[in-house]
Amino acid sequence: MTKCNPLPNRIVGRNLFSLAFVVLLAPSVLAERGPVLTLRDCINIALGESSALEAGRLDLLAATEQINAARANTLPRLFGTGTIELFAGEQTGTFSLITPDDTGGGIGVNRNETSGAIDIFALRLRYPLFQDGSIFGLNTNDIPLVRAARAQKEVLSWTSNLRREDVIYRITDAFVTTVAAQNRAGFTTRRVSLLEETLNNVEQQQKQGLKLPIDVNVTRDQLGGARSLVRVIQEQAVAGKLEIAQLLGFSTGAGFTLASTLPEPPRPPDADQLISKATGQHPSVRVQQATAERAKQNWRLERFRNYPTVTLNGNAIFADDFNPPGAQAYTAAVTVSVPIWDFGAQRALARSRMYTYEAEKSRLASTQEDVTYDIFKVYQQIYALSQNILVIQQEIIEADRDLRIATSQQEQGFAEPLASVGLELRLVGKRDDLQALQARRIVLYADLQRAAGGSWRWLP
């Protein structure tokens, strides 16, 4: 969604660091070039701007209030009512509490009332002494409704951690991809200029009979491909910057520049150590543990509903017919509600909750397996990419050596004119490939942090 203000007010109150950062940079954002943002700057702003994280924060506040409500429902509740009644008719019996007449006296057994008015005020107390596992509301830490609400809050809390890692990964992927595209522009442009020079030389040699027409066509096709690559890289850089602007909450025309230096990630920990730590602390695992706990408390709740319910009810009533004196009544009662027969509906519901609880416990092992698989998959991609990087680095060393030799021989008149150009093309291509692979490896490190759920962290 496009926003007119590159630094929206929604950042306020979410991340103090990003707020201070934004306030300091606000004047320069409107400048022609804008501020130079590093990856860390982008992550800090994105964390404060993320709508998903804001929604998670509000969900946690709602879950906290659910806990308070569940706890309060186990304590006494006091209700107040006020009623004004207008009536007319015959007396219903000799024991009517209020039977006013026009003179303010009582109405006899055989008397009628053409019209009358009564105001009634009442206070009603309800105290669940034993209900749904609550005993006088004192065993708060063991009441199923309260513990289920706490488990739900824990689910939301760990889910918010997962969203945070997703935000970090998305902004890192966009930043690294965009900066890598901008840095590769120099190599692709140089490749185009070298191919143009090669095409001119090949065309001259073809005119002299030293080259075949097919050589010209091949070189021309290579030049066309190189020019297309330049356009693709430029479009990728523009699209990446637009994506970053959206993730940061900037307007489409906001001016800012990305730092050209990509971060150097540290060496990741051993896979065994990381997996051992992640299987116990990964947010997905903790979410599933909390989900199983919530299912357990729902099962306990349905079991307790098979037990009798004991409730203390008290009433204090004052009634007046607007002619003193009024009447008062006070009552207190202990009500015991015993479930006797419901064709097994409540027991079936309790068994259903039990099976759900067992299923959630079994699903915990599956979640741990998924975490292990995701981490191993990223490790394998990092190892394979690192091997390719080592191979290309060795090829760059060899290509640079060959270019130096060819340049020296060409200066001495021992080499063909196109020898050094072809070798430089190879060297530029290898360096361009290395730049792309190194950027891809950084994104994989960010993916490893996300797969580990933040158990291993190198980004803030």
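The values are calculated or read from the model by the stated rules, or taken from the named source; none is laboratory data. In this text the structure is predicted, and so the values were computed from the model without any measurement. So basically every Cβ, Gly included, is an ideal-geometry build from the backbone, and we count neighbours across all protein chains shown.
Observations
- Qualifying positions in segment 141-159 - among the small types (Gly, Ala, Ser) and either crowded, with 19+ Cβ neighbours inside 10 Å or in contact with a strand residue (DSSP E or B) (Cβ under 6 Å, 6 or more places away or on another chain) (or both): Ala148, Ala149, Ala151
- The combined condition, being over 19 Å from the mean Cα position of the chain (by Cα) and modelled with pLDDT of 90 or more, is fulfilled by Arg431.
- Test result for Lys241, under 45 Å from the mean Cα position of the chain (by Cα) and surrounded by 17 or more Cβ atoms within 10 Å (Cβ to Cβ): yes
- Test for Arg286: is it basic (Lys, Arg) and not in a helix (DSSP H, G or I): no
- Enumeration of residues in segment 254-283 that are in contact with a strand residue (DSSP E or B) (Cβ under 8 Å, 6 or more places away or on another chain) and assigned to a loop (DSSP other than H, G, I, E, B): Phe256, Ala259
- Some residue of segment 395-414 being free of Cβ contacts under 8 Å to residues at least 60 places away in the same chain and under 44 Å from the mean Cα position of the chain (by Cα): yes
- Selection from segment 204-214 of residues that are surrounded by fewer than 16 Cβ atoms within 10 Å (Cβ to Cβ) and assigned to a helix (DSSP H, G or I): Gln204, Lys207, Pro213, Ile214
- Every pair of residues 6+ apart whose Cβ atoms lie under 8 Å, when the first sits in segment 168-185 and is free of Cβ contacts under 8 Å to residues at least 60 places away in the same chain while the second is among the aliphatic types (A, V, I, L, M): Ala181/Ile233; Ala181/Ala237; Ala185/Val230; Ala185/Ile233; Ala185/Ala237
- Search result, residues across segment 244-253 that are within 18 Å of the chain's Cα centre (by Cα) and either of a type in the set (Val, Ile, Thr) or part of a loop (DSSP other than H, G, I, E, B) (or both): Ile244, Gly249
- For segment 72-83, the set of residues classified as outside any loop (DSSP other than H, G, I, E, B) and surrounded by 10 or more Cβ atoms within 10 Å (Cβ to Cβ) consists of Ala72, Arg77, Leu78, Phe79, Thr81, Thr83, listed by residue number.
Residue-wise test of (1) touching a helix residue (DSSP H, G or I) at 6+ places or on another chain (Cβ under 8 Å); (2) among the polar types (S, T, N, Q); (3) touching a residue at least 40 places away in the same chain (Cβ under 8 Å).
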{"residue": "Phe318", "(1), (2), (3)": "no, no, yes"}
{"residue": "Arg351", "(1), (2), (3)": "no, no, no"}
{"residue": "Arg363", "(1), (2), (3)": "yes, no, yes"}
{"residue": "Leu385", "(1), (2), (3)": "yes, no, yes"}
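- Of all residues making up segment 304-346, the number that are part of a loop (DSSP other than H, G, I, E, B) and within 51 Å of the chain's Cα centre (by Cα): 11
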